[in-house]
Amino acid sequence: MTGTQQNILDSQSVSGRYLFPQSRRVIHPFMVKVDGAELACYRQIIDPARFTLVHFHGNGEAVADYVPWMAYELSSLGLNSLFVEYRQYGDSTGKAQLVAMLGDGEAVVSAAGIAPERVIAFGRSIGSLYAIELVSRQPSIAGLILESGIAEPSERFLKYADLSSTSITANDVVAAARRSFNHQSKLSNYKNPLLILHTEHDNLVDISHAERNYQWSASQQKKLVRFSDGDHNSIMEWNQREYFKALQDFVNHV
């Protein structure tokens, strides 16, 4: 494909089947202009000198689902927070496309004026793609947290993709995902602290994804927390005490 052609992962048959823009909006968003869109993010600063957790949510969620309550929880851990909204979600403009959004996290951090060394990247579910991309672009980021994260995105894309009316094959999707979302390669260059949170009974993204991300990371300060309760969408709810203790321990370590 040439640079002028759309990446096949950004087509309606793939992105349109895997990204589910939500209309829920935040009050007083932190607006960030990116290439071809404006993102309605959310920011809370308790102390500019402290670390900022940069949060990427799941594909059926919106920043509005996490604020202000999650921002308050993070502030109790001594963290500033910056919730990145996806294109076409909430009050963001543009079109939700898997590859087109890869650089948005870096653009949001830059717009916020936060040094990478003061950032902890957090990716939940599909948000893991963008958190991993952020640390790949900025390897000096202080910490990476993956909750119910994905190791091989092509496995998830193909589960939902509708290629029947296109010339795109499953092999094309796998190859394109390897070019844009090669987590093994990206994590092999990330050496700072890593925390992975996953339930044993994740019904959408099985725990083998967590195990692969853990193995691929070059970090010598990494931990995989396996929860026996809850599933993909109830990991925090069913394990709240242990979940936030793991976050607090990680923040203290960073």
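Bear in mind that the values in this text are calculations on the coordinates, not laboratory data. On a predicted model such as this, the values are computed, not experimentally measured, just so you know. Cβ placement follows ideal geometry from the backbone for every residue including glycine, while neighbour counts extend to all protein chains displayed.
Just a few scattered comments:
- Selection count where residues are of a type in the set (Lys, Arg) and surrounded by fewer than 19 Cβ atoms within 10 Å (Cβ to Cβ), scope the range 122-148: 1
- When we screen 130, 42 for residues that are of a type in the set (Ser, Thr, Tyr), in contact with a helix residue (DSSP H, G or I) (Cβ under 7 Å, 6 or more places away or on another chain) and under 21 Å from residue 178 (Cα atoms), the only hit is 130.
- Reported count of residues in the range 151-175, each being aliphatic (A, V, I, L, M) and touching a residue at least 60 places away in the same chain (Cβ under 8 Å), is 5.
- Within the range 99-115, restricting attention to residues that are without any contact (Cβ under 8 Å) to a residue 12 or more places away in the chain and closer than 17 Å to residue 40 by Cα, the residue that is surrounded by the fewest Cβ atoms within 10 Å (Cβ to Cβ) is 113.
- Counted residues, the range 74-111 - those being over 17 Å from residue 31 (Cα atoms), in contact with a strand residue (DSSP E or B) (Cβ under 9 Å, 6 or more places away or on another chain) and not polar (S, T, N, Q): 4
- For the range 221-230, the count of residues that are without any contact (Cβ under 8 Å) to a residue 60 or more places away in the chain, in contact with a helix residue (DSSP H, G or I) (Cβ under 6 Å, 6 or more places away or on another chain) and of a type in the set (Ser, Thr, Tyr) is zero.
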